[in-house]
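Engineer: I am attaching a structure below and will ask some questions about it afterwards.
Computed from the coordinates by the stated procedures, all read-outs in this text should not be read as laboratory data. Values in this document were obtained by computation on a predicted structure and should not be read as measured data. Please note: Cβ atoms are built from the backbone with ideal geometry, for glycine as well, and neighbour counts cover all protein chains shown.
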Amino acid sequence: MIGRIIVSRILRAFVLLVIVVLFLSYVFGTLAEERLSSQVLEEIGVELRSNPSYPLLSNEEKLEFKTNLINLKRTQYGLDKPFFTRVMQNALNVITLHFGDALVLKSRSGSKSVSAIILEALPRTVILFTTGSLIGILIGLFLGLKAAQKSGTIFDRFISGFAILSRSLPMWWLGMLFIVAFSYYLKIFPSGGYISLPPPSGIRYFLDFLYHLALPLLTVVMVLFGSIAYLSRNLVLGTLQEDYITVARAKGVPEKRVLYGHVLRSTAPPLITLSAVSLFGSFGGALISEIVFNWPGMGRLYWTALEANDHSVLLGNTFVTAFIYIVGIAILDITYGLLDPRIRSGERR
Amino acid sequence: MNVQDIKESLRDFWREYRRIKSGMAGLILLLIFIFFTFLGPMFTAFPEAGPRWRDTTYWMDNPRAASPSWVNMFSSQKLCKHTILEEYQVENGITIFKYDYPYDEPPSDIILYLEGVGKCNLTIERPDGEIIPLMDELTLYSGENRFVLAASQEVKKNVRDFAIKREGASAYSPFMNPLLPIFSKENLLSEEAIPLKGEYLLKIGGEIKGGRAIFSGSVFGVLGTDAGKRDLFAGIIGGAKAAFIVGFLAAPIAVIIGIFFGLINGYTKGVKSEGMLMVNDFAYNLPLLPILIVISYTYGITIIKFALIYALLAWGTTARVSRSIALQIKEQQYVEAAKAQGASSARILLKHMLPAVMPYAFAQIALAIPGVILLEASISFLGLGDPTIATWGQILNDAQRANATLGGLWWWVIPPGLAIFFVAFTFFLVGTSLDTILNPKLRVR
């Protein structure tokens, strides 16, 4: 049963990915057609102007010469093939991770390959987002449990209020505020980048990296932990009213064990799904926060690609972002399936 | 359902809603938001701020990157307030603008608008009685004539001559505010100039038909200006319209699509239902931000287009919940009875199942709005927003480009984000309150 669920989930994720890629290829196909067509006309213009025998031709010959040249160039750029074929070809390239060369941007090592540029940015996004999520979830879980335990108190209300507050503000704006407060006024943290220039060596490199990571990390954590705390509080509160908890307490099971053993175990599956939802909800926000902090990850790559008008990097980056998002959700769904006894035993929901 | 029933149920609903404190707070905030969206621009000095946000001529008389006026209340140094003098007196053929100057720093510029035809001259009389000639000959043409004094070579020369005459020869930095000596008592040419406070008289010798004088300061209006001289208060009020359109267009359409999709999905059986469920899953797992980035980059985007595209893509969550509600309702006796009587599927869906899901839809619309507004702000922040209207995300995008955070221009960074936050928060409050009352799933408990 569980094997079938995993296979079908992976299959569906793959189909969705293909749909997204086809759509992206279609959109970029129209863009590339426009760009290439105007490029063809431009190149022909230059060629005709520099060709000394061209002005000597009669008008009809001129026209013929020009049409031939246009057709030649269009074949060269693949524009003679039907639009549909080109979109399909492009989609196939993207799915097999052949992103081609960037138009403008270069990687730090000087490579023009889009894959190299993205591979350089990817780890930085992963480090920032996974560390931030982990800390956010841990803090959120802890506070949520505490709030559920003390439900109705000021602390509980504060947590619930904070959750709504943190869900209502753009993460990247919070980052901007932090820069104004901590970098401009207090001058405690650097305002951007991921390492000092020139980069220090050895353990100092690592410390300097952490120093630069601190403020972006704080931003991600601040926005995440509120909603995680709120979710876990609500779920735990529901479980705390179950009979078996009352029994456990009556038996004299220590409160800590009740909370972390009994309650947490039975609330884990829905907690993981809901946390995943809020996690992936904040993924976009985290990407854009990179721009604010000049953190050279994938979010920042969107900005540089847009500024440089480099649509091949934009396409590659969009695909990788979509890939992470879709595959990430699929993995979390499968984890949920593995954790939930109802699904594990094959019972229908 | 007749009118009486609807009235009755609305009254019941209101009775319940009134009891939820956060819901009432949200409702009040919502009314404030709607009020500012429609009537707000009338309270600003720049009512056309929204549509003319990128029109530099609309903003050219404002100071650049000026902080809000009220910072003067908290600082020992009194910063120069941006002043527009519309009134003037005419004595013996001389037009006089009276400028009160109680600040610790000089105005950064004086801009004169004069109407009339002919020639006139321009002098300024200081509180200590010194008269400084500024321009010997102003030529006025028909229509409005604009004179920027800090940019005029003649004014610069006259002011420098005055300073040198008063304090002897001295170095004159070309980077210094050229108007500084006019408004200083001592050390006319250095950064430590002591301001001469009091009433200044800007005199125009000659015949004019109308005019005004603008003394540019470094504090301006309610929320100051950005590096493009734009009034941020007007921009934020103007941006409310974009948020309003995005929220109230995208969320309802997305929710309606989701409700119907979920209902039909819940009602159908077999392969068709499985297929629909899969489509629903796709919509639910769609990475919205990258897709919207690509669409806006390629085709360009307006507020309306954004709202419609969002609505077409983001109905997955509602459809899921709507389907699960439909699955429950389908088993209810009244639906079975209708079926037994031979009612068509469309009739059962519209007449019997839709009314049961409808209340949930309202809650869902309110809860979906914050997401739409945050997403639009993100797209605008990337510089891909609607170029024809001011949005909060775009103001923050400009701030990011101009490195406002690193320059400490907090009045450019904080208010737009607060506005986004305020609107999103409002709809969260209203949405969660509606949800507790109207969501049938929560009610069953």
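Engineer: How high is the relative contact order of chain A, in percent, counting Cα pairs under 8 Å that sit 6 or more residues apart? Don't skip to the end; give the middle numbers.
Structural biologist: Numbers: 376 pairs, mean separation 89.3, N = 349.
So the answer I get is 26 percent.
Engineer: Hey, another quick one. For segment A:114-309, how big is Rg over Rh, using alpha carbon atoms and the Kirkwood form of Rh?
Structural biologist: Numbers: Rg = 19.9 Å, Rh = 18.4 Å.
On the Cα set of segment A:114-309, Rg over Rh gives 1.08.
Engineer: Same structure again: Using only the alpha-carbon atoms, how far is helix B:3-18 inclined from the longest principal axis of chain B? Give it as 0 to 90 degrees, nearest 10.
Structural biologist: Result, in degrees: 60.
Engineer: Okay, moving on. Counting partner chain Cβ atoms within 10 Å of every residue's Cβ in B:290-303, what's the average? Show your work: numbers first, answer last.
Structural biologist: Working: counts 16, 7, 1, 10, 13, 3, 1, 10, 11, 3, 0, 0, 0, 0.
Counting Cβ atoms of other protein chains within 10 Å of each residue's Cβ and averaging gives 5.
Engineer: Hey, how many Å between the Cα centroid of segment B:25-77 and the Cα centroid of segment A:64-141?
Structural biologist: For segment B:25-77 versus segment A:64-141, the Cα centre distance is 42 Å.
Engineer: Once the dipole of segment A:114-309 is set up with Lys and Arg at +1 and Asp and Glu at -1 on Cβ about the Cα centre, which of A:L177, A:V236, A:I291 lies farthest towards its positive end?
Structural biologist: Final value for the positive-end residue is A:V236.
Engineer: Which one, B:S296, B:L354, B:G342, projects farthest toward the positive side of the charge dipole computed for chain B from Cβ point charges (K/R +1, D/E -1)?
Structural biologist: Among B:S296, B:L354, B:G342, the one farthest towards the positive end of the dipole of chain B is B:G342.
Engineer: I would also like to ask the following. Based on Cα positions only, what radius of gyration and what Dmax would you give for chain A, in angstroms?
Structural biologist: That works out to 27.4, 105 Å for Rg and Dmax.
Engineer: Among the aspartates and glutamates, select those whose C-alpha is under 17 Å from the C-alpha of B:K7, and discard any that sit fewer than 8 residues away in the same chain.
Structural biologist: B:E16
Engineer: Any aspartates and glutamates with Cα under 19 Å of the A:K81 Cα? List them, leaving off those in the same chain fewer than 8 positions away.
Structural biologist: Partners within reach: A:E33, A:E34.
Engineer: Set Lys and Arg Cβ to +1 and Asp and Glu Cβ to -1, take the dipole of segment B:83-230 about its Cα centre, and tell me which of B:Y141, B:I84, B:P106 lies farthest positive.
Structural biologist: B:Y141
Engineer: I've got another one for you. If the cut-off is 18 Å between C-alpha atoms, which aspartates and glutamates fall inside it for A:K146, apart from same-chain ones fewer than 8 positions away?
Structural biologist: Cross-link targets: A:D156, A:E242, A:E255.
Engineer: Separate question: Chymotrypsin sites (Phe, Trp or Tyr not before Pro), restricted to segment B:78-147: which are DSSP loop and have at most 15 other Cβ atoms within 10 Å?
Structural biologist: On the way: sites: B:Y88, B:F97, B:Y99, B:Y103, B:Y113, B:Y141, B:F147; in loops: B:Y88, B:Y103, B:Y141.
For chymotrypsin sites (Phe, Trp or Tyr not before Pro) across segment B:78-147 that sit outside H, G, I, E and B with at most 15 neighbouring Cβ atoms in 10 Å, the list reads B:Y141.
Engineer: I've got another one for you. Enumerate the residues in segment B:405-432 having an amide nitrogen under 20 Å from the point lying 7 Å beyond the Cα of B:V71 toward its Cβ.
Structural biologist: Taking a point 7 Å out along Cα→Cβ of B:V71, the residues of segment B:405-432 whose backbone N falls under 20 Å are B:405-419.
Engineer: Separate question: If a helix is a whole DSSP H run, which ones in chain A reach 30 Å or further along their own axis (Cα) and hold a mean Kyte-Doolittle hydropathy of at least 0.0?
Structural biologist: Details: long enough: A:2-50 (69 Å, 1.14); A:114-149 (51 Å, 1.56); A:203-240 (48 Å, 1.39); A:311-339 (41 Å, 1.60).
Helices meeting the span and hydropathy rule in chain A are A:2-50, A:114-149, A:203-240, A:311-339.
Engineer: If you place +1 on the Cβ of every Lys and Arg and -1 on the Cβ of every Asp and Glu, how big does the dipole about the Cα centre of chain A come out, in debye to the nearest 20?
Structural biologist: The calculation lands at about 1500 debye.
Engineer: Output the 0 to 90 degree angle, nearest 10, between the alpha-carbon long axis of helix B:270-284 and the longest principal axis computed from the alpha carbons of chain B.
Structural biologist: The two axes meet at around 20 degrees.
Engineer: Another question about this same structure. Checking the table B:K119/B:K185; B:K330/B:K351; B:K269/B:K351; B:K269/B:K339; B:K119/B:K157; B:K156/B:K203 against a 22 Å threshold on Cα-Cα, which pairs fail?
Structural biologist: On the way: B:K119/B:K185 32 Å; B:K330/B:K351 13 Å; B:K269/B:K351 20 Å; B:K269/B:K339 15 Å; B:K119/B:K157 20 Å; B:K156/B:K203 17 Å.
Correct reply: B:K119/B:K185.
Engineer: Measure off 7 Å from each Cα along the Cα-to-Cβ vector at B:E274 and A:V46, then give the distance between these two points in nanometres to one decimal.
Structural biologist: So the label points at B:E274 and A:V46 sit 5.7 nm apart.
Engineer: Helix B:153-167 versus the longest principal axis of chain B: what angle, 0 to 90°, nearest 10, using Cα atoms?
Structural biologist: It works out to around 60 degrees.
Engineer: While we're looking at this one, here's another question. Given the convex hull over the Cα atoms of chain B, what projected area results after averaging over all orientations, in nm²?
Structural biologist: Value for chain B: 29.7 nm².
Engineer: At 222 nm, what helix-only mean residue ellipticity would the protein assembly as shown give, in deg cm²/dmol to the nearest 500, using -39500 (n - 2.57) for each DSSP H run of four or more? Walk me through the numbers before you get to the answer.
Structural biologist: Values: 27 runs with 482 residues, N = 794.
That calculation yields -20500 deg cm²/dmol at 222 nm.
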